[in-house]
Amino acid sequence: MIFLYSLKILNKILTMEKSKIKIAVGSDHAGFDMKEFVKNKLNNNKNYLVTDFGTDSNEAVDYPDYAHLVAKSIENKDCDIAIIICGSGNGVNITVNKYPNVRSALCWNSQIAKLARLHNDANILALPARFIDLQEAENIINTFLNTEFEGGRHKRRVNKICPR
């Protein structure tokens with residue numbers, strides 16, 4: 001009886017984990033402090049399961065090393081959505097957009113983030129750590145994560161981005 005009860009609890013936990021939105025995060029050294037802030041905020045939300053792909057300090061690193069890890073997590077469908085951060089946001093954004101199933105948007109305010117989701121079905125948010133503060137980053141992320149793709153005429157356009 002205890003065994004069956006344990007199996008039911010385990011099944012419930014696994015079902016809850018599957019229903020969580022899996023979010024990849026990654027940064028270079030310039031985005032490290034912002035990534036840590038973002039990761040802590042996301043980890044406080046029971047609806048998210050966060051995977052941190054690094055970097056793990058402010059020590060200088062090459063941004064593509066971490067951007068590739070994040071992009072592969074989206075490409076392989078290990079994560080549902082991602083947030084990448086570097087000084088300008090451009091380097092990581094350019095890197096991840098080399099992957100066919102990635103649609104990354106560099107966002108510096110909430111309006112851009114909303115349109116990136118609404119019209120472009122962006123699945124990676126790139127943030128410029130040297131140009132926005134932590135509060136703005138949090139606002140952008142909340143908008144990005146809480147905006148659904150509009151579909152319709154935009155779906156046709158998104159399908160033309162990377163023809164199969």
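The values are calculated or read from the model by the stated rules, or taken from the named source; none is laboratory data. Since the structure is predicted, the reported quantities are computational estimates derived from the model, not experimental observations. Virtual Cβ from ideal backbone geometry, glycine too; neighbours counted across all protein chains shown.
For region 1-55, give me each residue that is within 20 Å of residue 73 (Cβ to Cβ), among the acidic types (Asp, Glu) and modelled with pLDDT of 95 or more. Matches in region 1-55: 28, 36, 52. Within region 134-160, the only residue that satisfies the criterion of being at pLDDT below 80 and among the aliphatic types (A, V, I, L, M) is 158.
I'd like the full set of residues that are surrounded by fewer than 18 Cβ atoms within 10 Å (Cβ to Cβ) and not in a helix (DSSP H, G or I), limited to region 18-45. If the condition is that a residue be surrounded by fewer than 18 Cβ atoms within 10 Å (Cβ to Cβ) and not in a helix (DSSP H, G or I), then 20, 21, 44, 45 are the ones that fit. Looking at 163, 100, 64, just one residue is modelled with pLDDT of 95 or more and over 14 Å from the mean Cα position of the chain (by Cα), and that residue is 64. Look at residue 122 and say whether it is modelled with pLDDT of 95 or more, within 19 Å of residue 42 (Cα to Cα), buried (at least 17 other Cβ atoms within 10 Å of the Cβ) and touching a Phe, Trp or Tyr at 6+ places or on another chain (Cβ under 6 Å). So residue 122 fails the test.
Scanning region 94-107 for residues that are surrounded by 22 or more Cβ atoms within 10 Å (Cβ to Cβ), polar (S, T, N, Q) and within 20 Å of residue 157 (Cβ to Cβ) gives a single hit, 104. Among the conditions (1) of a type in the set (Asp, Glu); (2) touching a Ser or Thr at 6+ places or on another chain (Cβ under 9 Å); (3) closer than 14 Å to residue 24 by Cβ, residue 136 misses just one, which is (3). For region 63-81, indicate whether the set of residues that are among the β-branched types (Val, Ile, Thr), buried (at least 22 other Cβ atoms within 10 Å of the Cβ), under 28 Å from residue 156 (Cβ atoms) and without any contact (Cβ under 8 Å) to a residue 60 or more places away in the chain is non-empty. The answer is yes; a qualifying residue exists. Any residue in region 126-140 that is over 27 Å from residue 162 (Cβ atoms) and in contact with a strand residue (DSSP E or B) (Cβ under 6 Å, 6 or more places away or on another chain)? Yes, because at least one residue in region 126-140 is over 27 Å from residue 162 (Cβ atoms) and in contact with a strand residue (DSSP E or B) (Cβ under 6 Å, 6 or more places away or on another chain).
Selection of region 46-65 for residues being of a type in the set (D, E, K, R) and part of a loop (DSSP other than H, G, I, E, B) yields 46, 56, 59, 62.
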